[in-house]
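Down below is the structure, laid out as structure tokens.
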Amino acid sequence: MAKAATPIAALRRPAVSGRETMATGVRIAVLPPAERISLRAPAGSIGALSQALGLDLPTKPKTSSAKGGRSALWLGPDEWLVIDQTAGDPLADCASVKALHSAAGVSHRNVAFSVSGPAAEATISAGCPQDLSLAAFPVGACSRTILGKIEIVVLRIGEDSFRVECWRSFSDYAWTFLAEAARDAGV
Amino acid sequence: MLLIRCPYCEEERPELEFRHAGEAHVVRSGELASISDEDFEKFFFIRSNPKGVVFERWRHIHGCARFFNAARSTITDRFYLTYKAGEPKPEVDFSAIDTGPAAWANREPAEPNVAAGAEPGKSD
Amino acid sequence: MTKQPFRIPGAGRLTPAKTARFTFDGKHFSGLAGDTLASALLANGVHLTGRSFKYHRPRGILSAGAEEPNALVTIERDSARKTPNVRATVQDLYDGLVASSQNRWPSLSFDVGAVNNIASPMFSAGFYYKTFMWPKSAWAKLYEPKIRAAAGLGVSPDQPDPDHYGSRYAHCEVLVIGGGVAGLAAALAAAESGVRVILADEQSEFGGALRYESGARIDGQSGWDWAQATAARLAAMPNVRLLPRTTAFGYYAQNFVGLVERVTEHLARPDKSLPRERLWQVRAGRVVIAAGAIERHMVFADNDRPGIMLASAARSYLNHHGVAVGRNVGVYTANDSAYHAAIDLKKAGVAIAAIVDLRDNPSGPVVEEARSLGIEVNHGRAVVKVGGTLRVSSMTIEAKGGGARRTVPVDALLMSAGWTPSVHMFSQSRGKVAFDEASHRFLPGTYAQDCISVGACNGTDGLEATLAEGFEAGKEAARAANGVNTKSPPPLTPPRKGEGGTSVSDPPSPLRGGVRDGGIAGRSPSVDSSESWSGGMLGSGPGAGAETTVKAFVDFQNDVTAKDIRQAVREGMRSIEHVKRFTTNGMATDQGKTSNMHGLAIAAETLGKPIPAVGLTTFRAPYTPVTFGSIVGHASGPLFDPTRRTPIHPWSERQGAVFEDVGQWKRAWYYPRAGEDMHAAVNRECVTVRKSAGLFDASTLGKIEVVGPDAAKFMELLYTNPWEKLDPGRCRYGIMLREDGFIYDDGVVGRLASDRFHVTTTTGGAARVMNMMEDYLQTEFPHLNVWLTSISEQWAVIAVQGPNSRKIIEPLIEGIDISDDAFPHMSVREGKICGVPTRLFRMSFTGDRGFEVNVPADYGEAVWEALWEEGRKHGACAYGTEAMHVLRAEKGYIIVGQDTDGTVTPADASVDWAIGKKKKDFVGIRGLQRPDLVASGRKQLVGLKTKDAKLVLEEGAQIVADPKQAIPMKMIGHVTSSYWSENCGRSIALALVVDGKSRMGETIYIPMPDRTIEAEITGMVFYDPKGDRLNG
């Protein structure tokens, strides 16, 4: 049978990996791979799942919670995107939960970008019709929405800092859009 | 671009995040296999297409991804209310609500687009 | 060359040392930084700037703003950057600017097309409709090209646009449109409360009419200085965005306003990184419209001669640019404001030949001041004629009732018929205007959105009232924003009508006379002097009445005269909308900014109706022309549409694969080797797969994870097949219908666990299948405990197909027994391949033994490479979508969307075996019973074998039963798929044919342009009909 001669990490070839660009007031970088699940559950399961995941699943629209490198983003009334940037395995954590839920691994489905700097908001606003001001979209706010011609998930991680996720095959478009928008964001 | 209030996100969101999904409150029979041709025609083919308030389905497809219902005027494009899927059709007398000026494109050709009798800058 | 003979030393606000060189029609000129192209031309004594649209009449600069109908020029930066139809009055001058006039040949001063002017009786109102009716065939070939060549604007650039364009969504509590007195005051008052304010103005500097209102003083400063100080103050506030050179062009629903900002049009050498223009899509809590007013011209004979211009324009050129529009200037007016122009010019040392005032007894301070300066004022008189063709040379004065004429030499003639409030944006917001009888103006009446008009566009007169109104509106807008959430009114609240109107009718707060507070929060600045916007006349003046033949222009840009309007009414047009279309009045790119009211008044007079009964034509977006570039924004080149690539794409690219577009996806079409054409490559790939094995990138397949205790129940409802009894670890080919009974999608579904399905869809169906599933789950079957997740992009899919496929995957697989006994056809297992997790399917879309290896996307390429290395040991190949199509057609496997078209039932496609016969419900169950779907005579999918085995049919070709019948023949079907099959040694095809399944063995005919092809109807399986190779 097979012999695992190569460490698994060496086989991984993430999309748009390592890209980074700077423009006036904004830096855009492709973030390293992370573990992700798409978590679906009725209200009655939120407690058990929160416990298993080690963070409170947010129940208010457009909010997220974060703890120790793991974030849970409210995407819909029964839907969360759980992102783990450490070595954790949220899929495994949920596997033991008996309460009703669906956890599907989407680690490779999404690609994440960091958009940071004073012109970060303006960069995303080149293609995102939502009001991303601090008042309407404070730190911790998150939403599935639109960037140009694709769907993204945007999470505000700081006053001047966003995480933008999109599906893998749209990552080249997202990168190109953000990089072009960045050139025009520092006004 | 319209703003549409998503009853799940509990705020208005830009139209780009939404997709229209046809008329609301069309009931799919629990005994669909045995309904008559006439009933199937009504269920599948016949839509009300009113001039005025229409009850329709929308999906916040690029947001929370939920389907929901809306009452919208086909004359002015104005959304009167949105509510969650599965909630009953609200009993509202929309005729009591002033729909405001119609889009000029929709006015009768003979109707001048000048407010009759209105005083400039002094509308209430 | 550097001499600017009409520049007046000491006048204006430009710096004499900062010169800028430019050319117009190849001639070199110089102007000053801060000039517009128009002011720079005037400084050099150039009035003649263009030829008119229809009659090719020489035209000069009419205005100093966006309303300009005449001075349209082409600005050329390089061969690819040629912008036609630029209004010289809004084009900022830059060093090196190259401009040329339009619509003239061979030159501006001698234009052959001007023969149209002599032949003008031919070209009267409606002439297009009347003249070119017959013969119809001549329209496309003769009339239209000729008309387009002769009547025209500039020429479009013929190269791709090398510039890029920015775009931005912006949100604010208060958007102020127009940065004149009212707009600045509104922005300041709103901004001081801390709310987000955007102030946009189409000019390069804020100030509006303060640009020329020489006497205006605010807070002890000159009006202009106050405007600049206020703009600077606003610019320093973090909650304010100032957008000069930005036109609000469209006002849409729910206070969504489109602005276009001209970023580099004024720069000599724009930084390449800057966008040429930037589109702002603004959502505002409240919009303050401070769009000002537009001066009207007087309608009299030959009022279009170069040198005849709006009085305010001449004043603007003098007071701002320091340019005299002439040395001996006449004035023809029906209101006060032209007097100000005359006074300013006179004081600057320019001779005023005479003021001709149509009013009988003009009086007041400005009239007195003009007289005291020694200016001749003629009242109750009209200009009925002018001399000069390329430039006005004289004006002929006559008393209103007729009588003696007197001709006075002039080299420029200023005119003012009064001011038209700019209600464009208000009207675009769907507000209804109302006619103010007292001032004969259309003013904002009924509001439809949360906006308010202030200042001259609201009919407000005088600097003091304008300031106060703007200030109050800004304060009120901020109050509304800080109080109730104006953006999210509670549902079911009746639309709030005329909120803006409410605050208009509120009395403005009394000004604190003499308190020079500089506009500290809550206090409006104080004002020392002001001018009036009211008064004037509508329609034509004396000498341009019904009985004359003179050309008294109403619409300069479209060459519409007073006579044309009257003729339109005479010929039966009653609605102003019809008059507009018949005469084209107001239909040019300036949208009748100067002409609409005159046209309306003449039509009303001819109809004998009051003006409001005739109505106003509709104002539409854009307010001024908007480039395609700014609308497209970033969406060009690689951002025109997303290009989706699979994780294995880089490998295929390195192998020299040829790709085809499948929706947004790039899919490897075939992998040619040296010397191979497509045909050879595809034949080789097809043969190799059946002889040994092939690797195929199937990553684009849609994949949906269906999870929950009710997963099987849900699958039962969405698919025709039964699912409850499918064992975990097994797969099934599923068919999904629409409610009407027609095939919607298909795909192999694997049951991973009792509560977990891995569903695959077609590549093109991925999104719509997910949407339909969510729709039913959320709205029809919400009681089911099941959830759907799109995992299309989580998994890369490598199909390994062919007799050697098991040998290829075997060395790489861990933890799955892939023997035929343990892992038969249509099975699924989870395990590892190359050490990475896999969902391994035993399935086939070729009819040979096959596997589909799903691995997390980022591992796709490496796993493919490992499989490729194994495959090479067995002589396997990579194959593309073309070979995939051929191989599946050899087996009669359908492709939804190719062999079906939304009108094909499972029975039509012979896949009705996939319908669970005992099922009580599934989507489409009732549709399948519809009379038409069970009747005979339906088109059914069959195989076709051409009699000549070498002939490959064309997909889409029509089929007839009898080739000898008369044309039009009765068509009984069409070819849906057709290929050369190297494995079969012949051509094969699938076709939809009426009652096809009962016509087996019959010969049908496919008529083509050059011949008729014979073919035999066969079954759909051309290769390995017993299916032995699935385990071979």
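The values are calculated or read from the model by the stated rules, or taken from the named source; none is laboratory data. Model, not experiment: these values are computed from the prediction. Using ideal geometry, Cβ is built from the backbone for each residue, glycine included, and neighbour counts are taken over all protein chains shown.
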Can you say whether C:I833 is buried (at least 21 other Cβ atoms within 10 Å of the Cβ), within 23 Å of C:K691 (Cβ to Cβ) and in contact with an Asp or Glu (Cβ under 9 Å, 6 or more places away or on another chain), as far as the supplied structure shows? no
Go through (1) within 30 Å of C:P782 (Cβ to Cβ); (2) under 14 Å from the mean Cα position of the chain (by Cα); (3) more than 9 Å from chain C (Cβ to nearest Cβ) and name the single condition A:S107 misses. (3)
Helices (runs of 4 or more DSSP H) (entirely within region C:531-642) containing at least 3 residues that are more than 26 Å from C:F249 (Cα to Cα) and out of contact with any Pro (no Cβ under 9 Å at 6 or more places or on another chain): C:562-570, C:596-607
Test each condition in (1) within 15 Å of the chain's Cα centre (by Cα); (2) of a type outside the set (S, T, Y); (3) more than 11 Å from chain C (Cβ to nearest Cβ); (4) not in a strand (DSSP E or B) for A:A112 and report the one that comes out false. (4)
Across region B:36-52, what is the total count of residues that are closer than 29 Å to A:P77 by Cβ and either without any contact (Cβ under 8 Å) to a residue 24 or more places away in the chain or crowded, with 18+ Cβ neighbours inside 10 Å (or both)? 1
Those residues that are within 14 Å of chain B (Cβ to nearest Cβ) and basic (K, R), I need them from region C:612-658; list them, please. C:R620
Could you tell me which residue of region A:174-187 is nearest to B:E17 (Cα to Cα), considering only residues that are surrounded by fewer than 24 Cβ atoms within 10 Å (Cβ to Cβ) and in contact with a strand residue (DSSP E or B) (Cβ under 6 Å, 6 or more places away or on another chain)? A:A179
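Yes/no per residue for (1) touching a Cys at 6+ places or on another chain (Cβ under 7 Å); (2) within 11 Å of chain C (Cβ to nearest Cβ); (3) farther than 30 Å from B:E12 by Cα; (4) buried (at least 19 other Cβ atoms within 10 Å of the Cβ):
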{"position": "A:V16", "(1), (2), (3), (4)": "no, yes, yes, no"}
{"position": "A:R19", "(1), (2), (3), (4)": "no, no, yes, no"}
{"position": "A:P61", "(1), (2), (3), (4)": "yes, no, no, yes"}
{"position": "A:S64", "(1), (2), (3), (4)": "yes, no, no, yes"}
{"position": "A:W80", "(1), (2), (3), (4)": "no, no, no, yes"}
{"position": "A:Q85", "(1), (2), (3), (4)": "no, no, yes, no"}
Are any residues in region A:138-161 away from chain B (no Cβ under 12 Å) and not in a loop (DSSP other than H, G, I, E, B), and if so, which ones? A:L155, A:R156, A:I157, A:G158, A:S161
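Being free of Cβ contacts under 8 Å to residues at least 60 places away in the same chain and in a strand (DSSP E or B) narrows it down to one residue among C:F22, C:F29; which is it?
On the way: C:F22 fails: free of Cβ contacts under 8 Å to residues at least 60 places away in the same chain.
Of C:F22, C:F29, the one residue that is free of Cβ contacts under 8 Å to residues at least 60 places away in the same chain and in a strand (DSSP E or B) is C:F29.
Would you confirm whether any residue within region C:925-936 is of a type outside the set (D, E, K, R) and touching a strand residue (DSSP E or B) at 6+ places or on another chain (Cβ under 6 Å)? Reasoning before the result, please.
Start the filter on region C:925-936 by keeping residues that are of a type outside the set (D, E, K, R), which leaves C:925, C:927-929, C:931, C:933-936.
Subset that is touching a strand residue (DSSP E or B) at 6+ places or on another chain (Cβ under 6 Å): none.
No, region C:925-936 contains no residue that is of a type outside the set (D, E, K, R) and touching a strand residue (DSSP E or B) at 6+ places or on another chain (Cβ under 6 Å).
Test of understanding: among C:G675, C:G633, C:G663, which residue is under 29 Å from the mean Cα position of the chain (by Cα) and surrounded by fewer than 20 Cβ atoms within 10 Å (Cβ to Cβ)?
From the options C:G675, C:G633, C:G663, the qualifying one is C:G663.
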Would you be able to tell me the number of residues in region C:961-977 that are surrounded by 14 or more Cβ atoms within 10 Å (Cβ to Cβ) and either more than 13 Å from C:K939 (Cα to Cα) or touching a Leu at 6+ places or on another chain (Cβ under 7 Å) (or both)? 8
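Being modelled with pLDDT of 95 or more, part of a strand (DSSP E or B), surrounded by fewer than 20 Cβ atoms within 10 Å (Cβ to Cβ) and more than 14 Å from chain C (Cβ to nearest Cβ) narrows it down to one residue among A:A48, A:A29; which is it? Spell out the reasoning first.
Values: A:A48 fails: part of a strand (DSSP E or B).
Step by step, each of A:A48, A:A29 is checked, and only A:A29 is modelled with pLDDT of 95 or more, part of a strand (DSSP E or B), surrounded by fewer than 20 Cβ atoms within 10 Å (Cβ to Cβ) and more than 14 Å from chain C (Cβ to nearest Cβ).
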Of all the strands (runs of 3 or more DSSP E) wholly in region C:882-981, which have at least 2 residues that are under 30 Å from C:R1029 (Cα atoms) and under 43 Å from the mean Cα position of the chain (by Cα)? C:971-981
Of all residues in region A:51-87, how many are over 13 Å from the mean Cα position of the chain (by Cα) and in a strand (DSSP E or B)? 3
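If you go through region C:409-444, how many residues are of a type outside the set (A, V, I, L, M) and within 23 Å of C:P622 (Cβ to Cβ)? Explain how you work it out, then say what you get.
We begin by selecting, within region C:409-444, every residue of a type outside the set (A, V, I, L, M); these are C:409, C:411, C:416, C:418-422, C:424, C:426-432, C:435-437, C:439-442, C:444.
Keeping just the survivors that are within 23 Å of C:P622 (Cβ to Cβ) gives C:419-422, C:424, C:426-432, C:442, C:444.
Count: 14.
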Of everything in region C:443-500, what is closer than 26 Å to A:A135 by Cβ, of a type in the set (V, I, T) and either touching a Pro at 6+ places or on another chain (Cβ under 8 Å) or at pLDDT below 50 (or both)? Give them in sequence order. C:V484, C:T486, C:T493
Residue that is farthest from A:K149 (Cα to Cα) [pool: residues in region C:658-688 that are in contact with an Asp or Glu (Cβ under 9 Å, 6 or more places away or on another chain) and among the small types (G, A, S)]: C:A681
Restricting the first residue to region A:45-67 and requiring it to be free of Cβ contacts under 8 Å to residues at least 40 places away in the same chain, which pairs with a second residue that is among the hydrophobic types (A, V, I, L, M, F, W, C) and in a helix (DSSP H, G or I) meet a Cβ separation below 7 Å and a spacing of at least six or different chains? A:L57/A:I46; A:L57/A:L49; A:T59/A:I46
The strands (runs of 3 or more DSSP E) lying wholly within region C:418-469 that contain at least 1 residues that are at the interface with chain B (Cβ under 10 Å from one of its Cβ atoms), touching a residue at least 24 places away in the same chain (Cβ under 8 Å) and of a type in the set (S, T, Y) are C:441-446, C:451-453
In region A:165-175, is there at least one residue being hydroxyl-bearing (S, T, Y) and out of contact with any helix residue (DSSP H, G or I) (no Cβ under 8 Å at 6 or more places or on another chain)? yes
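Would you confirm whether any residue within region C:978-988 is within 21 Å of C:G897 (Cα to Cα) and touching a Leu at 6+ places or on another chain (Cβ under 6 Å)? Break it down into steps so the answer makes sense when it comes.
As a first pass, look at region C:978-988 and keep what is within 21 Å of C:G897 (Cα to Cα): C:978-980, C:988.
Applying the additional criterion that residues be touching a Leu at 6+ places or on another chain (Cβ under 6 Å) yields C:978.
Yes, that holds for at least one residue.
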Criterion violated by B:H62 - all others in (1) facing another protein chain (nearest Cβ under 10 Å); (2) at pLDDT below 70; (3) assigned to a loop (DSSP other than H, G, I, E, B) satisfied: (2)
Could you look through region C:1008-1031, keep only residues that are farther than 30 Å from C:M843 by Cβ and crowded, with 17+ Cβ neighbours inside 10 Å, and pick out the one that is nearest to the chain's Cα centre (by Cα)? C:I1013
Go through (1) facing chain C (nearest Cβ under 8 Å); (2) in a loop (DSSP other than H, G, I, E, B) for A:A135 and report which single condition fails. (1)
For region C:382-407, how many residues meet the condition of being modelled with pLDDT of 95 or more, under 19 Å from C:S540 (Cβ atoms), touching a Pro at 6+ places or on another chain (Cβ under 9 Å) and not hydrophobic (A, V, I, L, M, F, W, C)? 1
Unique residue being touching a Gly at 6+ places or on another chain (Cβ under 9 Å), of a type in the set (S, T, N, Q) and free of Cβ contacts under 8 Å to residues at least 60 places away in the same chain when the list is C:N239, C:N255: C:N239
